[in-house]
Every structure is written in structure tokens, then in C-alpha cells.
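Take a look at the structure set out below.
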Amino acid sequence: MENQKYDIYKITSIKQISESLFQISVNSVSTFYLRKNYLHNQNIILDVDSELSVDEFEDCVNAGLAFSAEKKAMDYLGKTEYSRFLLRNKLQKKEHSISSINQALDYLDERGYLNDSRFAMAFLRNRSITHFEGRNRLMQELLQRGVDKKIASSQIDEFFSEKSEVEICKKALEKLQRIGKKEEKIYAALERLGFNNRVIREIL
């Protein structure tokens, strides 16, 4: 996307891809995609031969950059769930601006493509396949991934309504015994895995 200085910015071609997505060319030089939702000035006329002021052209360019961030975000979300925090970090590493990232993530959040509650549950279920951990450890893991504490707590409650924390703790104990952990260190090891005193005492 070229952003050269001209006296007049004229839309020389435009193609509507979807209800809000357009491919436009300005002065037959700058060609890019933009989603109309990202325009700050919703009154900009997107039509062939429409002349844009400098501010309107900059608004179109920024909307194009936000769509670029959205497209990259969707590439990531097409492979796995992400929290907003993790996805923002990945997009920043791809050198998208904070403004473009926030606009794109707000759009995806509003439409359900990005959802921290869904990410948290997917994380908990996937994590439980190879890790035997209690509430406290799982809460810590979700907070580190940028999930809000209330959302994390709610999803952990739901997760343990489906699975027994006591049974998971038993599996953790069996694993510690299998690898030769000394008896006097097992209690502390289970605490580090996030199990509370009540659960640990029950299985010991």
C-alpha cells in the first residue's frame, strides 16, 4: 500500500468484496483492501471518481491497515484459539500498529471470532491431556495468558464440574511416585501443581 502525497486523492476503481469490505485504488497507484467498519468518518463516499481530502485518504489507509491486522489475526485463529492478549502480542511481533490491532480485535470480538472464555476452556481441556494440575496452577496459567480473573475463575469452575479435581490429583500423585519423588517431598510437589490442602489431604 503506497501512501504518496498528492494534491487530489481520487478513487479510480473500487470493488465491493462483501457487505463492508472493499478493494479500492486511489489515483491508480495505491490499491488496498479496507473494511468500512474501521473508518472513523463513516460519511466518506466510497465510489469511483470520489475525491478524498487528505484526512479522508489517511482514514482509508488506516482502515486498510486495520483490515491487514484482522486478516493476519484470522489466519492465527483458523489454526487454534487465542486469548486477546496472546493474539495482540503475536500481531505486534508482525509489526502491526497498536491502533490497527485494537480495531481488528474489537471487530473479531464483537462477531465471536475471538473469545477469551472459549479460549480458556479450550486451554483447560487441552492442558488436562498431558498435565495433572489443580485450580491454583490452572488459574495462574490462564492469568499469564491474559485471561481476566473472573473469566478464568468461571471457566475453571465449569471445567471442574466436568472433571474431578481429586481424581486428577490422584493421577498427579501416581506420576510423582512413578518418577521416584521422595515421600516427604510429595505434599509440596502437589501444592506446586496447584492442588489445595483439602484435596491433597484427601488423596494422601
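Data overview
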| item | result |
| --- | --- |
| Pairs, first within 20 Å of SER128 (Cα to Cα) in segment 171-190, second of a type in the set (Phe, Trp, Tyr) and surrounded by 10 or more Cβ atoms within 10 Å (Cβ to Cβ), C-beta under 9 Å, six or more apart | LYS171/PHE132; ALA172/PHE132; ALA172/PHE195; LEU173/PHE132; GLU174/PHE132; LYS175/PHE132 |
| Qualifying residue in segment 121-128 (condition: more than 26 Å from PHE85 (Cβ to Cβ) and either at pLDDT 95 or above or open to solvent by less than 30 Å² (accessible area, probe 1.4 Å) (or both)) | no |
| Residue list for segment 103-114, filter: within 11 Å of the chain's Cα centre (by Cα) and open to solvent by 50 Å² or more (accessible area, probe 1.4 Å) | ASP106, ASP109, TYR113 |
| Subset of segment 153-204 (residues that are open to solvent by 20 Å² or more (accessible area, probe 1.4 Å) and part of a loop (DSSP other than H, G, I, E, B)) | LYS163, SER164, ILE179, GLY180, LYS181, LYS182, LEU193, ASN196, LEU204 |
| Candidate set: segment 27-73, residues that are farther than 18 Å from ILE101 by Cβ and among the small types (Gly, Ala, Ser); chosen: the one most open to solvent (accessible area, probe 1.4 Å) | SER28 |
| Single residue of GLU141, GLU133 found to be in contact with a Leu (Cβ under 6 Å, 6 or more places away or on another chain), open to solvent by less than 50 Å² (accessible area, probe 1.4 Å), of a type in the set (D, E, K, R) and closer than 28 Å to LEU173 by Cβ | GLU133 |
| Number of the condition not met by GLN92 [criteria: (1) open to solvent by 70 Å² or more (accessible area, probe 1.4 Å); (2) more than 25 Å from the chain's Cα centre (by Cα); (3) of a type in the set (S, T, N, Q)] | (2) |
| Matching option when the condition is touching a residue at least 40 places away in the same chain (Cβ under 8 Å), among the acidic types (Asp, Glu) and out of contact with any strand residue (DSSP E or B) (no Cβ under 8 Å at 6 or more places or on another chain), among GLU133, GLU141 | GLU133 |
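The values are calculated or read from the model by the stated rules, or taken from the named source; none is laboratory data. Bear in mind the structure is a predicted one, so any value in this text is a computation, not a measurement. As a convention, Cβ positions derive from the backbone with ideal geometry for all residues, glycine included, and neighbour counts pool all protein chains shown. The area values use the complete protein model at the heavy-atom level, side chains included, leaving out ligands, DNA and RNA. Shrake-Rupley method; radii C 1.70, N 1.55, O 1.52, S 1.80 Å.
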